[in-house]
Amino acid sequence: MQRSRIVGTGTYLPARKVTNDELVKEFGINTSDAWIRERTGIGARRIAAPDEATSDMATAASRKALEMAGIAPGELEMIVVGTVTPDMPFPAAATFVQAKLGAKKAVCFDVSAACAGSLFALAIADSFVRNGTAKKLLVIGAELLTRISDWKDRATCVLFGDAAGAMVVVPETRPDRGLLSTHLYTDGTQTNILNIPGGGSLKPFSPEVWEKRDHLIKMNGREVYKTAVRVLEAASREALQHNGYQPKDVNYVIAHQANLRILDAVMKRLEIPLEKCEVNIDQVGNTSSASVPLTLDQANRAGKLKDGDLVLMMAIGGGMAWGSALMRW
């Protein structure tokens, strides 16, 4: 069966960088830089300009990934976008990206798995490559989370930043390289610990929804932490065992940057040094579905990923939805 490989990566970060001190001052949040750093590891985040949409960021990241891959937009056969902040409820953000890129041949759709969205999208793209349906695909994670954050809730608003990351996926030609496997999981009984309760068919927009701020992110941080540490370790071990490897065999880790404490705890459980995990949460915060491709692009462009490296990927988001992937670079 044909494996897939990532041949191009790209990132877009909005120009406006907001530090913790600036955030506290501008939005009047009852907190401090020390409080935020101690609990999250976050020192700054990017906030999109008022005229920037999710598809604008996704398109910018995609152009960089396509340039690296040496593939023209018109050659793309599929665009999959992981996002929970599309330009509008429908059509998909991917359709706007297609139009802006000029990728007329590409079939397009979005995937909603919150912070695990880009990993879910990568697994879908991989399946199309493996069954021979498509050979040139674009996978994107893009979020404008600052527009759905509750700026009166210091426990959540300090976490999120805006960004987009993209990956170009093609068939692997070498027998010992490429995306070895992906592993996806969901626990719908935990929908209450991280969600936006209002604005959908269950609670349509209304004065009550607006007054209760139910159209914004709600999170039980303690429960999310407990779940994340447990399931990310399990998913990572599943990916390794499935392919006959052990944690000590991993050369590099590309993980969703949700919280530095979560990353540190998972790495300790796996007995993989944190130094092997690319970390950028200090500068960009939690960028949700953009996090994995953004982090991968950062490591890739810095030359940290060497030919033949065993790369472990992991992410978790609301749903709860999570997953892992193992790749021979």
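The values are calculated or read from the model by the stated rules, or taken from the named source; none is laboratory data. Being a predicted model, the structure only gives us computed values, none of them experimental. Glycine also receives a Cβ, built like all others from the backbone with ideal geometry; neighbour counts cover every protein chain displayed. Accessible surface areas use protein heavy atoms only, side chains included; no ligands, DNA or RNA. Shrake-Rupley method; radii C 1.70, N 1.55, O 1.52, S 1.80 Å.
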task: Hey, could you check the stretch 148-170 for residues that are over 12 Å from MET57 (Cβ atoms) and assigned to a loop (DSSP other than H, G, I, E, B) and say which is most open to solvent (accessible area, probe 1.4 Å)?
output: LYS152
field: helices (runs of 4 or more DSSP H) wholly inside the stretch 221-302 that include at least 2 residues being out of contact with any Gly (no Cβ under 8 Å at 6 or more places or on another chain)
entry: 221-242, 260-270, 291-301
message: Name the residue that is most open to solvent (accessible area, probe 1.4 Å), counting only residues in the stretch 201-214 that are within 22 Å of MET320 (Cα to Cα) and either aromatic (Phe, Trp, Tyr) or in contact with an Asp or Glu (Cβ under 9 Å, 6 or more places away or on another chain) (or both).
response: LYS203
query: Does VAL266 count as within 25 Å of GLU38 (Cα to Cα) and at pLDDT 95 or above?
result: yes
field: Pair list, Cβ < 8 Å and 6+ apart or interchain, from the stretch 82-103 residues that are over 14 Å from ALA163 (Cα atoms) and touching a residue at least 40 places away in the same chain (Cβ under 8 Å) to residues that are open to solvent by 20 Å² or more (accessible area, probe 1.4 Å) and aliphatic (A, V, I, L, M)
entry: PHE96/ALA53
task: For residues that are of a type outside the set (Gly, Ala, Ser) and over 23 Å from LEU145 (Cβ atoms), scanning just the stretch 219-243, find the one that is least open to solvent (accessible area, probe 1.4 Å).
output: LEU240
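Find the residue count for the stretch 128-147, including only residues that are of a type in the set (A, V, I, L, M), within 16 Å of the chain's Cα centre (by Cα) and either surrounded by fewer than 22 Cβ atoms within 10 Å (Cβ to Cβ) or outside any strand (DSSP E or B) (or both).
From the stretch 128-147, those of a type in the set (A, V, I, L, M) are 129, 134, 137-140, 142, 144-145; that's our starting set.
Those still in the list that are within 16 Å of the chain's Cα centre (by Cα) too: 138-140, 142, 144-145.
The next check asks that each one be either surrounded by fewer than 22 Cβ atoms within 10 Å (Cβ to Cβ) or outside any strand (DSSP E or B) (or both); those that pass are 144-145.
Adding up the residues that qualify gives 2.
So that you can scan it fast, the table gives a plain yes or no per residue for (1) without any contact (Cβ under 8 Å) to a residue 24 or more places away in the chain; (2) farther than 30 Å from LYS152 by Cβ:
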{"residue": "ASN220", "(1), (2)": "no, no"}
{"residue": "PRO247", "(1), (2)": "no, yes"}
{"residue": "ARG261", "(1), (2)": "no, no"}
{"residue": "ASP264", "(1), (2)": "yes, no"}
{"residue": "ILE272", "(1), (2)": "no, yes"}
{"residue": "CYS277", "(1), (2)": "no, yes"}
